[in-house]
Every structure is written in C-alpha cells, then in structure tokens.
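What follows is a short report on a single structure.
What follows is calculated from the coordinates using simple rules that are stated; it is not laboratory data. As the structure is a prediction and not an experimental result, all values here were calculated from the model. All Cβ positions, even for glycine, are placed from backbone atoms using ideal geometry, and neighbour counts span all protein chains on display.
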C-alpha cells in the first residue's frame, strides 16, 4: 500500500478554507502542493536530459490535476491554486538549488539557473538562489512587488489572473511587474548597467 | 534602505515611467530636486528599463537549465530527500508509534471515506502489513457489523493473485474494526490515472487483472460492490491487486443513513443508484467506468456534485471513445459499450465472458483482433482510398521518400480507425445534438519537450481545419482561440466568451518513444463530456499521426453532433511528406507569433516573420505540390509589407500574389489562398472585380474565419451595408471579434454614419479596456482619432478639438499632429493649423508614407495641392488600404479630378 488517501476531498476543503482566509489551511495546503510539485518535478527531471526545460505552467497544471482531479468542479479554484502553487514552486526550485549546492560543496558547483522560454530571442538566465535572495530584499521594500513576481514568474499566471487574485487593476500589476524587474535586474546584474 | 525610502523611490518611479523615455531625465531632475541620493537610486533603476523588459519575461515558462555535469545529478540532487507522505507532512497522528493487537503502527499511509490505512509491523510473524481501520460510524449498527464480519472473512478466504491477501480481520479493545492485509510496494491506480490517461495496452493489462480477480470472487458468490481506481493496487512487480472486498456492503447499509460515500458515486452502477441488489454484473459496470477512465484520463459520467453524477449515470450516454492504434481502441470501444449498458442483461454475463474478449487484446499482435464488420469496412475503404491515392502525384513522391510499406501501414491504420471511430461514435450518438458552434482550444503540451510544440500546434491546426469541413457546424477561427493558449480560465467562461456551445480541448503527453494525444469534446451547458478520444503513436510517426487524429475526431464529432443530412466538405487531400509538414508547422508556429494580437499595440515581430517565411520556403522545397505552405507564405509576405516603404512593399505584394495563385492552382478549395489573393488584388493592384471574386470564393469555403479581410475589401468597395451585415452575422457567432468591430467602425465612417462610428468605437474601446489586455485605461489613442475625425466631419468642432488635443498630447506623432491641425482648420482656427502644418512640412521627408496631409491642405483651402498629393500617391499604387474611407477622399471627393481618379483606379461606382 502507498498513500492512497482520498486527498482530493481534503484538498478541496482546504482550498475553500484558504479562500475564507484561514492561514493554517494555507500552510497545510502549501505543504500538500509543495510535495506534489516536488514529486512531479523530480519525475520530470529524471526523465530529462540536460538542457531540457521544465515548464512552470505545465508543472502547476499537472499538480493541479493530481490534487484536484480532472473532474468538472475544479475550474473556479484555479486562480487560487496557482497563487499557492507559485509560492510552492519558488520553494521547490530554491530547495533544489540548495541541495545541489550542498551535494557539490567544495566542488565548485555551477549555480542552478532558470531560463525563460525557448523561443526567446535572447534567453535570460537567472541564478535561482540569487533571485531568491533578491526577492527577499524586494519584499522588505514592498511586499506586493514580491508577490507579483512570484505569481507571474513562478506561478506562470497571467497579469489578469494576478490582478484578480490581489484585487488590484491589471494596470497596477503591469507597473508593479516593471518596477520589480527594474529592482531585481539591478540586484542580480550589478556589473552591467 | 527603509520601507519609507523605498516608497519615495517608487513614487518617483511611477511618475517617471508615465513619461516617454526621452523625457525621463528631465522628469527625474524635477521630481528629485536636490535629493541626490534619491535621484541616484531612481536613475540606477530606470537604467535597467531595456534589460528588464526581457528579464523574467512572461509568458515564458520558467525552466530549469541543467548544468554541465550530466543528467545523473539532475535526478539525484532532487532525490536526496525523500518526500514525506502527503498526510504525514502536516498531520500528527497519535496512532503512529502505538501498538494494536500484535501490530506496531509505523506510519500513516493514507485515509479516505472507508477508513485510515497505516503501515504496520506484524511482531509475531515479523512482516510488514497494511492495517486498515474502518471508520467508527460505519460499525455502529451491530447487525451490520456482524454481517460485515461474515462477508469480509469469506473475502479473506479468497486466494488469488489479483486479490489483495487479507491476513486477519480483528477488533480493537474499544470495538474498532481493522483489517490486516498484505503490504505492496507500488501505486494505487487512482494515482496513476491522476498522471494522465494510460496507454491502451497498459489499460487492457490492468483491466484483465481486475477482471480475473472479480471472476475468482464472483465464482465464490462474492461481489465487490466498490470497484474503483482507489481500490486497485498496481504493485511494483507489475501485479494488479484488487483491494477492499466486501467492505462496500458495510458502507451500503449506511449510505442511506449518512448519504455520503465520498468519491465512489462515479463508479456506481445504475442499479446500485436505484438501491437494487448489486450482483456480479454491477461490478462489471464499475470496471467499465474504470476502464474508460484509464484510457481517456476522464470519467465517463461527470457532474459538479454527487446528485449530478448520479443523474448522468442514469440518463446520459457515455462519451464515445474513438482512437487509432490499429484497432485496440475500436475494440475497447465495443467492450465498453457492453460494460456500460444500462440494462444489466445487456452486459457481459460474467467476468469470464469479458475476459474472453479482453485477453486477446493484450496479445502482441492486437491488430489481428479487429472485429469482423469493422475489418470488412476498412478493406472496402482502403481499396477506394488506394485508387484515389494513385491518382495523386503527391503520393508517388511520398512513397519514394518514406517507403511504400510504412505508408501502407499508416494509411491502413487510419482508415480502419476512421471506420471504427464512425461505428463507435454512431452507436453512442443520441439524436440531434444542440451543438452548432465549437471552438478548438490550443492543446496543452504536456510532453515536457518544447520541441514538440510544433506538433502540438499541428494537431490543433488539423483539428480546426477538419472540423471546419463539417457543414452546419461553425468553428471558431484559430486566430480567435490562440489567446487561450495556456489559459487557466474556467472552460464554461471561455465558451461563453467565444460564444460557442462546446469546446474541444486536449493535451499531448509523451511516454518513452510514443506520443499520446487525448482530446475531449465538452458541452458547456449543461456541462457534459460528449466525446473522449485517445490516440497513441510512435514519436517518429507523430507528424503523420496528427492528421489521422484530426480526421478521426472530426468523424466522431460529425457523427455525434451533426444532423444526418449534413455533409462534410471534402478538401483536396494531398498526401503530405512528413518533413514538409514539419517545416510547414514550424512556419505556422512562427507566423502566428509574429502577428499583432487583436488590438494589442506592438509592431510585427520581424524576426518571427522571417523565420516563418524561411520555414514555409523549406516546406515548399520539400513538397512543392502542397498548397498550404504556398497560401501561408503568401500571407507572411503580405504581413511583411506592413512595415516596409512602398517600393519594397510592392515587391512583397508581388511575391504574395504569386504564392496565392500557386496555392489556388494546387487546391482551389484553399480559403486562405483566396483571401490572400483578394487582399493583394484589392489593395495593391486595385483590381476590385478580381478582389470581389476571390473574397467571395474564400467566404464560401470558410464563412467566418476571414471575415475581416472580406469586410476590409467590401468597405473599400463602398459596399457598406454588406460589410455591416457581414459584421453583424459574424458578431452573432463570435462576439469577441474585435477586428471586425474595428472594420465596422470604418464602414460606419465611410458611410458617413458618424454617430454609429463613434458609438461602435466607444463600445469597442470599453471592451478592450475592461479586458485589461492593453494595460491602458480610459480612451485609447485610436478611439481619440475616431472621435476627432467623426466629430469634425459632423461639424462638432469643440468635441473634435478636445479629442485631437488629447491625442496629440498622448502621442505626438506626425499623424496625430496632422489630425490636430485638420480639426483646427475645419473649426476656423487656421493660424494654429498653419503653424502645425509648417512644422510638419519641415519634418515631412522623415515620415514619407501615405498620401501626406492632403486633407489638411483641403481644410486650409488649398484644394489643388491636396488633390495633387492624392493623385501622385495613387499613381504610385501606394496601398492606402481604405482609400474611399480615407479622410482625404471624404474631404475631396466632390473635386472633379478626384472623381476622375476614382474612375481611373477602377473603383466600382458606389
């Protein structure tokens, strides 16, 4: 036997509680999503060869399907789920990077990096741990900017969805996103202004 | 850095970013004043502006970039920490660590409606077991409890390799029942399905395991009553084990009392729902539901709550199952038809009878298992198809390239399946359906391989094309659904936005060397899965597969939706060379990403466009007789003219014409080619009769997909009422078609229906603003332009000036300034108009496009100069797209030389 828990019901219930603002439920849900994402990420990575990509959006979708099932009733919860998954996704990637660094300590590990889409004319490569730290510094300045970055970049959400989730206008999200990237780019690429 | 300080920085940033980049330095200086530190901060941030645009770019999916030292580390570095079981990570269970009877509880494995399961150590026999505690509420009734004990002990006596071994049924000191059973390493089928549909052969193997277990139990008079994926264990050694025999009976007693059996309703047979006695055939129904779910990834009966699911089980037909893979899906479809017969008498009489049909499918050569009538049908169709294929010259070259044998296999497979799909689908079909409008959403690429993006797009392209061939079925254009790529929006909402009754959505998965496509047809209201199709094929056949899949799904959808008299239009079926198809799809992929999306601002992505052109040229080089790449290359050349000066634009218009004509020569039913040719004829060659002919042909082939091109041409022809009626028809079908609204604005303007033009423009502006896609709130620049023009033409000069001034302030482009000068001039403020005109003339040679500010000179009274400009421009065949809607024409049309010009240019008289 493995974990054959009927977590689908649990998942839906937690999601409802999160919507009602329950912080404890949020933490439990985060743990649940975190494990699921990590498991999927691990499976995908083990299938991959180097250089191949791991798409956030697909991961989040897959995690959602896994947790919420493919039935018909899950649609309205998607935005909320993505909000949580964004946070979990950041943690999965950061943990992954930390573990890798630990495993390679003293061996001159290359940083774990993220790259934006494959059709980008010029892929931007980002060191995950450096980004994580810069995000913390950003949060000290304006918490909402951090959240916007998490939701858009790690959560693969659209600006409209982020606006809906945070209760601000799309215009605000767009501006926040720009300001956050100005800051993060300065933090991460100090040398090449 | 304090929060307060940062708030200052953000405040300044916000203000600065509202300005145009060239104004930033001045703005920063003004806003920061003497605060040098603030100024330095803001400047250092703003300096990142260009780089930041490309930084962490969305919607680019984030991707882990692997490091240099090989794949081994990829897995190991993540795997160093074992994940905790989901439940344990946040639940502290007091039972863990305690002992029950002679079992020491080690860990909680999971919990569900039927109790909580723990991993435990049997201290007497020193082995690991799974210990299941039944929920206390199930055993409050003493009689139920004793009945359960009798049955569960009988089940425990079952000794079969497909039934989970029960070691013991016991009772704790406080009266809780537990079952000790064998502990297997592996995965529950439910988890497996959550990862996606299973390959058909794997699903068959699992179904056989379940059926064998059931056969053994049924032979002893034991009915499972709760066959569902959560009760099927897939052991790591490949074994299939059925869990929880007899427990459901206990639940049955209490269902009526508590009304809750979470998660199991979906697998209940109709007779179970009716409360009738469940016999062996009820288990077979449930197995049918499980089998359907395995091969499609979705349950056949859906609903948002238990009652809705039960209603679906009792009243809905299961979605048709179609597929290729050389017959296995066709056979499964037949088997499912019997398993899911609502009348138990029509089901297989026993699990053994089911096995007799299921087991041959597991054999390696399952192609031989295609059943009689289907095979006969296929043979006949194959003969016809081969005769047709021999007439095609394209066939010969394809045969040379990929080998006759392989081709035959592919062709045969596709025909067998088309026939089988038809048969299966018509059996499930239920009278005329209420679906007339569908949209095919972009398929999700869940292969984890971005390189397969072209293939996934290709399936979408082929599906849309094939479905469009069904008469009586309106299919949303590909362009209008692309914005939903990767969207997480609720499907009913998307269906509402697109104005369709049903959506086709799906995903592509990859496992090993094969790709699997799952597609479902969902009716929006009431929500119902009408069709589920799964196709699996080898990766290197993927490019052939997508057309096969599209044909089949179109066949099934046709059978399922369209009234009997509806016909499918036949296009010329050119047999395509896979390499050419690959290049074509790559071209399409780049072309679609190069074009301006709806009304979003932004230039054509030239790099994307040039890649698209290269790919189409490759496709043509590989397969010169295939029309589609010629037609799209023509479109790509036309898009290219957008950003070019006239002399180079003319070259591309000529190329566009050659390609469109070639495409039509190869396949006269290519709607894209006719539309492209129409546009070249109209806006470059001024051949209005030809344009009219071509656009009508295109509309006849594909009534709405190219409505915008049609509207543009009719507007240019001055057929405003036709344009507006076309617009209204398209609007009724596709409410979101913003480009069409834009053309309606132009048509109203041309027809001098100023108020209607303003109202339509304002409505469109509100809609776009509300959708938040442009990021601009309030009046957009183009709305201001419409307001300035139309109010001025109406003689409402104050309103026109207000709009033009706002426009010029927002976008001080030459065009905006011409507009401002024009409305000043018409309002009698000639000095201001002349001042602007003088400055514009000084800069004039910079802009160099269009017919210049002819209307401005006209408004200033210099009519002859205005007419000279227009005539000179027309002689160069400058593609002033909406000449007769142009403000120049509207101002000058009563001039004799202007009338002469219109005649010379060959405009039909309006």
Most exposed first, judged by fewest Cβ atoms within 10 angstrom, B:314, B:45, B:31 run B:314, B:31, B:45
Ranked by how many other beta carbons lie within 10 Å on average, peptides B:672-684, B:748-760, B:816-828 from highest:
B:672-684, B:816-828, B:748-760
B:285, B:24 arranged by Cβ crowding within 10 Å, fewest neighbours leading:
B:24, B:285
Partner shielding of B:10-18, taken as the mean number of other chain Cβ atoms within 10 Å, equals 2
So, in nm, how far is label residue B:614 from label residue B:359 when the simple model puts each one 7 Å beyond its Cα toward the Cβ?
5.8
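Give me the inter-chain shielding for B:165-173: mean count of other chain Cβ atoms within 10 Å, whole number please.
Across the residues of B:165-173, the mean count of other-chain Cβ atoms within 10 Å is 0.
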Residues B:517, B:470, sorted so that the one with the fewest Cβ neighbours within 10 Å comes first:
B:470, B:517
How well do other chains shield peptide B:231-243, expressed as the mean number of their Cβ atoms within 10 Å of each residue Cβ?
1
With labels modelled as points extended 7 Å from the Cα through the Cβ direction, what inter-label distance (nm, one decimal) is found for residue B:153 paired with residue B:606?
8.7
